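The values are calculated or read from the model by the stated rules, or taken from the named source; none is laboratory data. What you see is a predicted model, and the numbers here were worked out from it, not measured in a lab. Note that each Cβ is placed from the backbone with ideal geometry, even for glycine, and that neighbours are counted across all protein chains shown. Surface areas here come from the heavy atoms of the whole protein model, side chains and all, with no ligands, DNA or RNA. Shrake-Rupley method; radii C 1.70, N 1.55, O 1.52, S 1.80 Å.
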Amino acid sequence: MKRALIIGASGGIGSATLEALRSRGVDATGLSRSADGLDVTDEDSVSEALGELEGTFDLIFVATGALRIDGSEPEKSLDAVSVKGLADQYL
């Protein structure tokens, strides 16, 4: 793998993935809301951020998420997983 794009690179999983890839010699680019203003829920924001990138990527890793969306909180067990809660994370 030569090039990677990590979306959500300022969070725990995203930053660790970015660091791990770079330590292995991968040309890894990170994007995040806090560092780059990327809002994955806003099409214009996504278009602008991705439009500034050049070339192709061998890996695109999305490490976005939220602890709470519309009242859905982190699940503590499989019984707490709901269709709505999952859909809110993925849509």
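Couple of notes before you dig in:
- Simple Cβ-charge dipole of the chain, Lys/Arg +1 and Asp/Glu -1, about Cα centre, in debye nearest 20: 480 debye
- Among the protein heavy atoms, those of Asp44 account for about 110 Å² of accessible surface (1.4 Å probe, every chain in place).
- Relative contact order (percent, whole number), region 1-48, Cα cutoff 8 Å, 6+ residue spacing: 35 percent
- Between Thr41 and Lys84, the contour length at 0.36 nm per residue exceeds the alpha carbon distance by 13.8 nm.
- Ratio Rg/Rh [Cα only; Rh per Kirkwood] for the chain: 1.03
- Computed [θ] at 222 nm, deg cm²/dmol, the chain (DSSP H ≥ 4; -39,500 (n - 2.57); rounded to nearest 500): -10000 deg cm²/dmol
- Of the residues Gly51, Ser23, Thr41, the one whose Cα sits farthest toward the positive end of the charge dipole of the chain, with +1 on the Cβ of Lys and Arg and -1 on the Cβ of Asp and Glu, is Ser23.
- Note on Thr29: accessible area is roughly 40 Å² with a 1.4 Å probe, heavy atoms of protein only.
- Full-stretch length increase - Lys76, Arg24 - with 0.36 nm per residue and alpha-carbon distance subtracted: 15.3 nm
- Placing Ser82, Ser34 in order of accessible area, with the largest value first and a 1.4 Å probe, yields Ser34, Ser82.
- With contacts taken as Cα pairs under 8 Å and at least 6 residues apart, region 2-80 reaches a relative contact order of 37 percent.
- Of the listed residues Arg22, Arg3, the order by accessible area with a 1.4 Å probe, largest first, is Arg22, Arg3.
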